[in-house]
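The values are calculated or read from the model by the stated rules, or taken from the named source; none is laboratory data. The structure displayed is predicted, hence computed values, not measured ones. Backbone-built Cβ (ideal geometry, glycine too); neighbour counts: all protein chains shown.
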Amino acid sequence: MFSSRPKTTRSIACSPLTNEFPEVFYAGQTINLSWEGGDGFYALYRIQYTQGQGWVRPGYYTHNTTESSLSVTLDDRVSPNTTLNFGISEANPDVNVEQKYQLSGAIPPIQA
């Protein structure tokens with residue numbers, strides 16, 4: 001079953017993600033992420049949330065990178081009732097602190 005919601009890109013003044021996101025994701029899928037703006041140091045992360053989970057912690061792909069794109073491969077196993085968001089934030093190169101941030105819309109999985 002596929003959702004009819006449009007592909008979205010949300011943007012804010014700091015570091016907008018510039019790619020379109022899929023309506024659903026598959027375990028093991030590779031997604032190409034790109035962004036622009038900001039001061040040149042970025043933290044890229046994912047937030048994977050499963051219904052009933054008491055807390056959520058971001059999983060970082062990179063921190064303090066000056067690149068403006070990255071290909072990420074998703075986990076091979078995904079629990080049912082999970083959604084995925086990608087996040088980008090301006091990072092401080094001197095300390096492990098993020099400043100302004102942006103999140104993609106929630107993307108549900110398709111179980112293979």
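Given the criteria at pLDDT below 80 and in contact with an Asp or Glu (Cβ under 9 Å, 6 or more places away or on another chain), does residue 8 qualify?
Numbers: at pLDDT below 80: yes; in contact with an Asp or Glu (Cβ under 9 Å, 6 or more places away or on another chain): yes.
When the stated conditions are applied, residue 8 passes them.
Can you tell me which residues in segment 70-93 are of a type in the set (Asp, Glu) and either surrounded by 14 or more Cβ atoms within 10 Å (Cβ to Cβ) or part of a strand (DSSP E or B) (or both)? First the steps, then the outcome.
If we filter segment 70-93 for residues that are of a type in the set (Asp, Glu), which is where we start, we get 75-76, 90.
Selection gives 75, 90.
Report the residue count in segment 28-69 for those that are assigned to a loop (DSSP other than H, G, I, E, B), within 18 Å of residue 104 (Cα to Cα) and modelled with pLDDT of 85 or more. Spell out the reasoning first.
Step one: list which residues in segment 28-69 are assigned to a loop (DSSP other than H, G, I, E, B), which gives 28-29, 36-41, 51-58, 66-68.
In the following step, the residues that additionally are within 18 Å of residue 104 (Cα to Cα) were identified as 29, 36-38, 56-58, 68.
When the remaining residues are screened for being modelled with pLDDT of 85 or more, the result is 29, 68.
Residues meeting the conditions: 2.
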